[in-house]
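Written out below as structure tokens is the structure these notes cover.
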Amino acid sequence: MTANTGISTLGHYDDSDSELVTSVVESYDDRWIVTATMSLQDRKLSARDASIVDDGFGIVYDSSEWSAPEPTESGVKTHSRTAADGSVSLEYQDFAPEKGLAYDVDLPYLLDGETSVTLQTDLKQVDSGNDGIPVKAEYKHTWAAVDLPWPFKAEATAGIGPIGITMNLDSCTVLWEDEIAVEPGEIDQTT
């Protein structure tokens, strides 16, 4: 880190100012629209030399209570935007019909503005007799620790829920994670 510029390899968004909002809204015939939006705010330091290290974002559910009518990439709508220099993108990883869906989030190199990403999919409520079984959204924000001297190598796995989709990351770790479980007909957010 340079004292005058505040530039560091440890650039990241702050957990306390970032917010995960999730809703489960009825559409028709026991079909529900699940929307999860992560707003990343209040960067700490600005350079993120690990821009190649993606965050993890996903929606997970109990397969005995929910099913995915279209468990493929085409069954998911995504949206991303950033006020930071550069771009943000979502890269499809998996949609396991019995578990949920997972995406990688490629953040801008300079985290000098708010960034938000959204996932949306349709789920069908299984007629199990149980009402109010939640759907969960998860977000994992990575943090770089590069330039480690040989032979040391830090490794971390940023997996989303029980999906088994993991990102094997060299020289980084999960700095913080948010998750929120939302029952049908609710909108909730992390604070």
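Listed values, structure above:
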| quantity | calculated |
| --- | --- |
| Quotient of Cα Rg and 2.2 N^0.38 Å for the range 10-140, N being how many residues it contains | 1.13 |
| Estimated FRET transfer efficiency (ASP30, HIS79; beta-carbon r; R0 25 Å; 0.05) | 0.45 |
| Solvent-accessible area, 1.4 Å probe, carbon plus sulfur percent, for the range 10-140 | 43 |
| Residue-count net charge about ASP55 - beta-carbon cut-off 9 Å; Lys, Arg +1, Asp, Glu -1 | -2 |
| Inter-probe distance in nm under a simple model that places probes 7 Å from Cα toward Cβ, at GLU186 and SER89 | 3.6 |
| Heavy-atom surface of the range 10-140, accessible at 1.4 Å and reported per residue (Å²) | 42 |
| Relative contact order of the range 10-140, pairs being alpha-carbon contacts under 8 Å that are 6 or more residues apart, as % | 35 |
| 10 Å beta-carbon shell around VAL126, net charge (K/R +1, D/E -1) | -3 |
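The values are calculated or read from the model by the stated rules, or taken from the named source; none is laboratory data. These numbers were taken from a predicted model, which means no experiment stands behind them. Neighbour counts are summed over all protein chains in view; Cβ atoms, including those assigned to glycine, are modelled from backbone coordinates with ideal geometry. The protein model used for the area step is the full one, side chains on, heavy atoms only, and it has no ligands, DNA or RNA in it. Shrake-Rupley method; radii C 1.70, N 1.55, O 1.52, S 1.80 Å.
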